[in-house]
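Structure record follows, encoded as structure tokens.
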Amino acid sequence: AQKITQTQPGMFVQEKEAVTLDCTYDTSDPSYGLFWYKQPSSGEMIFLIYQGSYDQQNATEGRYSLNFQKARKSANLVISASQLGDSAMYFCAMREEDPSYKLIFGSGTRLLVRP
Amino acid sequence: NAGVTQTPKFRILKIGQSMTLQCTQDMNHNYMYWYRQDPGMGLKLIYYSVGAGITDKGEVPNGYNVSRSTTEDFPLRLELAAPSQTSVYFCASSRLAGGPTDTQYFGPGTRLTVL
């Protein structure tokens, strides 16, 4: 069964430094999508970045990049130059390529950026 | 565009009461989803729809019902509220399902407490 694992319940990072949030996944499907969402204290889910299983290059979106290591089944999120507004819960998710195309979420990592 | 809107934002129910959580999207998306997020956890799929008139169960459908009479609306019905349904409910939509641009966009959520 498909599964997403986020092993870091909470992390601290100093403002302006880079931080890596870990995500490993398990699937037997050759085609899948990997997503990262940010959930600030206000509660909404904000899409950050997407990586397809067939993409040759790591995805980047501004200060966010996804370190995709297919053989290791990992999809770590790297946030460069952390800002106070980056303090939030971060969820890794995988999309099944089945009739529902639902997202399977990990349990999340709470990031706190220190000034 | 408003994106995905949900009403109400907050609700307290007594055990056994019923209610409908409303979800509307104005992006002409085909796929719509209902997820629930329990405290400290990731999201789990309740029901989904691939178009008007077509719905199917997700991972945790018990105690809920849905309908989709229009492309825009996807209401979630709780018939006999139970304390186990205390959660935050998110509605999401996507244009199609399987491509890199077919990200799921989430509404702001409804925080439901059943006492």
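Given the pairs A:K3/A:K102; A:K38/B:K44; A:K16/A:K38; A:K3/A:K73; A:K38/A:K70, which are separated by over 20 angstrom at their Cα positions? Violating the 20 Å Cα-Cα cut-off are A:K38/A:K70.
Probing with 1.4 Å while keeping every protein chain in the model, the per residue accessible area of chain B equals 47 Å².
Annotation: region A:62-115 has a Kirkwood hydrodynamic radius of 13.0 angstrom, from the mean reciprocal C-alpha pair distance. Straight-distance candidates among the aspartates and glutamates for linking to B:K57, with alpha-carbon spacing under 18 Å and chain neighbours fewer than 8 residues away dropped: A:E96, A:E97, A:D98, B:D73, B:E79.
Using the Cα centre of chain A as the reference point, and only Cβ charges (+1 on K/R, -1 on D/E), how large is the resulting charge dipole? Debye, rounded to the nearest 20.
On the way: 11 positive and 12 negative charges, 50 e Å.
Dipole magnitude for chain A comes out near 240 debye.
Among the trypsin sites (Lys or Arg not before Pro) in region B:13-114, those located in a DSSP loop and surrounded by at most 13 other Cβ atoms within 10 Å of their own Cβ are B:K14.
Of B:G40, B:G63, B:G51, which has the largest mean-square fluctuation in a 10 Å C-alpha GNM of chain B? Result: B:G40 has the largest fluctuation of those listed. Working note: Debye formula, equal point scatterers on the alpha-carbon atoms of region B:15-78, no solvent; log10 I(q)/I(0) at q = 0.12, 0.15, 0.18, 0.24 Å⁻¹ is -0.30, -0.46, -0.65, -1.04. Taken over chain A, the alpha-carbon convex hull comes to 97 cubic angstrom per residue. Tally Lys/Arg at +1 and Asp/Glu at -1 over every other residue whose Cβ is under 13 Å from the Cβ of A:Y64; what's the total? In short, 0.
Using r as the Cβ-Cβ distance of B:S84 and B:Q22, and R0 as 22 Å, what FRET efficiency do you calculate, to the nearest 0.05?
Details: r = 22 Å, r/R0 = 1.00.
Result of the calculation: an efficiency of 0.50.
Here the protein assembly as shown exposes an accessible surface that is 51 percent carbon and sulfur, computed with a 1.4 Å probe and the other protein chains kept in place.
All Cα-Cα separations within region B:1-45 were binned at 10 Å from zero, giving a P(r) of 19, 45, 31, 5, each value a whole percent of the pairs.
Measuring spread by the Cα atoms of region B:9-115 yields a radius of gyration and Dmax of 13.4, 42 Å.
Taking each residue in A:36-45, count the Cβ atoms of any other chain within 10 Å of its Cβ, then average. What number comes out?
On the way: counts 0, 5, 0, 7, 0, 0, 2, 9, 6, 12.
Average neighbour count from other chains, rounded to a whole number: 4.
Restriction of the chymotrypsin sites (Phe, Trp or Tyr not before Pro) in region A:26-107 to DSSP coil positions whose beta-carbon has at most 11 other beta-carbons within 10 angstrom yields A:Y54.
Residues of A:102-111, mean number of Cβ from any other protein chain within 10 Å of their own Cβ, rounded to a whole number?
Details: counts 12, 11, 5, 7, 3, 3, 5, 0, 1, 0.
Averaged over the peptide's residues, the number is 5.
Simple spin-label estimate for A:Q69 and A:A81 gives 2.7 nm between the two label positions (7 Å along the Cα-to-Cβ direction from each Cα).
Could you work out the local net charge near A:Q2, counting Lys and Arg as +1, Asp and Glu as -1, over the other residues with Cβ closer than 9 Å to its Cβ? Taking every Cβ under 9 Å from that of A:Q2, the sum is -2.
Could you give the Stokes-Einstein D for the protein assembly as shown in µm² per second, using the C-alpha Kirkwood radius, 20 °C, 1.002 mPa s?
Details: Rh = 18.1 Å.
Rounded to a whole number, D works out at 118 µm²/s.
One decimal place: the segment A:T5-A:E97 gains 31.2 nm when fully extended, by the rule 0.36 nm per residue minus the C-alpha distance.
The values are calculated or read from the model by the stated rules, or taken from the named source; none is laboratory data. The structure presented is a predicted model; accordingly, all values stated were derived computationally and were not measured. Cβ coordinates were reconstructed from backbone atoms using ideal geometry, including for glycine residues, and neighbour counts include every protein chain displayed. Side chains are part of the model used for accessible areas, which takes the heavy atoms of the whole protein and leaves out ligands, DNA and RNA. Shrake-Rupley method; radii C 1.70, N 1.55, O 1.52, S 1.80 Å.
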